[in-house]
Amino acid sequence: MRAQIKTTQLELLQGDITRQDTAAIVNAANSSLLGGGGVDGAIHRAAGPELLAETRQLGGCATGDARITKGYRLRAQYVIHAVGPIYQSDDPNVPQLLASAYRRSLELAREHGIRSIAFPSISTGAYGYPLEEAAPIALGTVCDFISQFAAFDLVRFVLFNESIYSVYADALRKLLHEYKTSATLE
Ligand code: ADP
């Protein structure tokens with residue numbers, strides 16, 4: 001599914017984040033930045049050991065923040081390591097921290113002149129964030145940013161399977177309806 005928001009193409013794709021040819025891909029990292037399972041493990045495996053050597057130098061990253069490294073053996077030139085929150089239904093800060101992980105990633109990319117970026121669904125794996133709650137936050141944060149800044153040609157969400165994709169597709173349809181944007185759906 002694709003939507004044009006101002007000058008940016010917003011795209012939802014089913015696939016593997018490590019295979020994307022966008023200038024940057026985003027890692028669903030943990031605050032140690034020393035690798036892990038899921039997206040994190042897949043990115044480190046595909047990028048090679050030089051990536052861990054660089055992230056070791058960074059000294060970690062707070063939840064809701066992000067750090068940038070090179071992409072090494074990946075097709076993407078950069079990896080942006082975003083740290084989403086561990087889900088807790090009774091903590092009101094959790095949705096803000098998830099939004100912040102997306103926003104900080106976009107800010108870092110913009111500062112580096114990156115014009116195309118691919119995100120996974122942050123926090124919805126090991127960190128337990130329910131997809132139906134996470135998808136509108138992820139998409140809403142990205143839509144707000146790209147409505148405000150003409151920094152990107154392409155922002156892509158890479159969803160690992162059909163059921164994750166369909167939750168994001170529903171959330172995007174709703175969001176575009178609410179925003180009454182000039183977006184076009186394909
Ligand atoms: P977190 O710890 O932030 O929850 P995970 O990596 O455990 O991060 O999961 C985040 C999401 O990424 C989940 O929806 C998971 O299915 C998905 N995922 C796992 N591997 C990949 C991959 N190679 N490409 C894209 N998405 C992936």
Quiz item: To the nearest 10 degrees, how steep is helix 131-148 against the longest Cα principal axis of the chain, on a 0 to 90 scale?
Solution: 80 degrees
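Determine the share of the chain's accessible area contributed by carbon and sulfur atoms, expressed in whole percent, with a 1.4 angstrom probe.
Ligands and nucleic acids excluded, carbon and sulfur give 49 percent.
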Self-check item: For the chain, accessible area per residue (1.4 Å probe, heavy atoms of protein chains only), Å²
Solution: 46 Å²
Quiz prompt | Translational diffusion coefficient (Stokes-Einstein; Kirkwood radius from C-alpha pairs) of region 1-153 at 20 °C, 1.002 mPa s, in µm²/s | solution = 140 µm²/s
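Taking the Cα centre of the chain as origin and charging only Cβ (+1 Lys, Arg; -1 Asp, Glu), how large is the dipole, in debye to the nearest 20?
520 debye
The values are calculated or read from the model by the stated rules, or taken from the named source; none is laboratory data. A quick note: this is a predicted structure, and the numbers were derived from the prediction, not measured. Backbone-built Cβ (ideal geometry, glycine too); neighbour counts: all protein chains shown. Just so you know, the surface numbers come from the protein's heavy atoms only, side chains and all, with ligands and any DNA or RNA stripped out. Shrake-Rupley method; radii C 1.70, N 1.55, O 1.52, S 1.80 Å.
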